[in-house]
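Worksheet for the structure shown next.
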Amino acid sequence: MSWTWRCEDVAGETVTPAGVEVGEQFPTQSDAESWVGELWPDLLSAGVAGVTLLQDGRVVYGPMSLRPAE
């Protein structure tokens, strides 16, 4: 099993953020969530509005907004 993130813009379209390494495959859901927990500010600065977690290409949850709660 592999876990990956799909980065999306405000319209829900898949984007590849400049300056942030994405596309990494993680062995566990926890590893994937830790990664996005550490890098969400960089992703947001690079134009990513939300992320979707995938397990072997199947949506687990998302899109999840990266914007701070107001």
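Of the numbered conditions (1) surrounded by fewer than 16 Cβ atoms within 10 Å (Cβ to Cβ); (2) polar (S, T, N, Q); (3) assigned to a strand (DSSP E or B), T16 fails exactly one; give the number of that condition.
Result: T16 passes all but (3).
Of the conditions (1) of a type in the set (S, T, N, Q); (2) more than 10 Å from the chain's Cα centre (by Cα); (3) at pLDDT 95 or above; (4) surrounded by 12 or more Cβ atoms within 10 Å (Cβ to Cβ), S30 fails just one. Which one is it?
Among (1) of a type in the set (S, T, N, Q); (2) more than 10 Å from the chain's Cα centre (by Cα); (3) at pLDDT 95 or above; (4) surrounded by 12 or more Cβ atoms within 10 Å (Cβ to Cβ), S30 violates only (4).
Cβ contacts < 7 Å: first residue touching a residue at least 24 places away in the same chain (Cβ under 8 Å), restricted to the range 9-23; second residue loosely packed, with under 10 Cβ neighbours inside 10 Å and assigned to a loop (DSSP other than H, G, I, E, B), any location; separation 6+ or different chain. Result?
none
Restricting the range 48-58 to residues that are under 12 Å from the mean Cα position of the chain (by Cα) and not polar (S, T, N, Q), which is nearest to V15 (Cα to Cα)?
Of all residues in the range 48-58, those under 12 Å from the mean Cα position of the chain (by Cα) come to 48-54.
From what is left, the residues that are not polar (S, T, N, Q) are 48-51, 53-54.
Numbers: V48: 7, A49: 10, G50: 10, V51: 10, L53: 14, L54: 15 Å.
Per the stated criteria, the residue is V48.
Scan (1) assigned to a loop (DSSP other than H, G, I, E, B); (2) touching a residue at least 12 places away in the same chain (Cβ under 8 Å) for the single condition E33 breaks and write down its number.
Among (1) assigned to a loop (DSSP other than H, G, I, E, B); (2) touching a residue at least 12 places away in the same chain (Cβ under 8 Å), the lone unmet condition for E33 is (1).
Scan the range 39-57 and give yes if some residue there is under 10 Å from T4 (Cα atoms), among the acidic types (D, E) and part of a loop (DSSP other than H, G, I, E, B), otherwise no.
yes
State all residues of the range 1-11 that are of a type outside the set (V, I, T), surrounded by 11 or more Cβ atoms within 10 Å (Cβ to Cβ) and under 19 Å from Q55 (Cα atoms); if no residue qualifies, say none. Give the derivation first.
Initial filter on the range 1-11 (of a type outside the set (V, I, T)): 1-3, 5-9, 11.
Retained after the next criterion (residues that are surrounded by 11 or more Cβ atoms within 10 Å (Cβ to Cβ)): 2-3, 5-9.
Hits for the range 1-11 are S2, W3, W5, R6, C7, E8.
Within the range 1-11, work out how many residues are within 13 Å of L66 (Cβ to Cβ) and part of a loop (DSSP other than H, G, I, E, B).
Residues of the range 1-11 within 13 Å of L66 (Cβ to Cβ): 5-10.
Checking the rest, the ones that are also part of a loop (DSSP other than H, G, I, E, B) come to 9-10.
Final tally of qualifying residues: 2.
For the structure I just gave you, tell me whether G23 is within 11 Å of the chain's Cα centre (by Cα), at positive phi, of a type outside the set (F, W, Y) and outside any strand (DSSP E or B). Before the answer, list the steps.
Numbers: within 11 Å of the chain's Cα centre (by Cα): yes; at positive phi: yes; of a type outside the set (F, W, Y): yes; outside any strand (DSSP E or B): yes.
Criteria met by G23.
Just give me the residues in the range 33-70 being surrounded by 11 or more Cβ atoms within 10 Å (Cβ to Cβ) and among the small types (G, A, S), in sequence order.
Answer for the range 33-70, where residues must be surrounded by 11 or more Cβ atoms within 10 Å (Cβ to Cβ) and among the small types (G, A, S): S34, S45, A46, G47, A49, G50, G62, S65.
Matching residues to (1) in contact with a strand residue (DSSP E or B) (Cβ under 7 Å, 6 or more places away or on another chain); (2) among the hydroxyl-bearing types (S, T, Y):
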| residue | (1), (2) |
| --- | --- |
| G12 | yes, no |
| G19 | no, no |
| V22 | yes, no |
| Q25 | yes, no |
| V36 | yes, no |
| T52 | yes, yes |
| Q55 | yes, no |
| V60 | yes, no |
| S65 | yes, yes |
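The values are calculated or read from the model by the stated rules, or taken from the named source; none is laboratory data. Values in this document were obtained by computation on a predicted structure and should not be read as measured data. Heads up, the Cβs are rebuilt from the backbone with ideal geometry, glycines too, and the neighbour counts pull from every protein chain shown.
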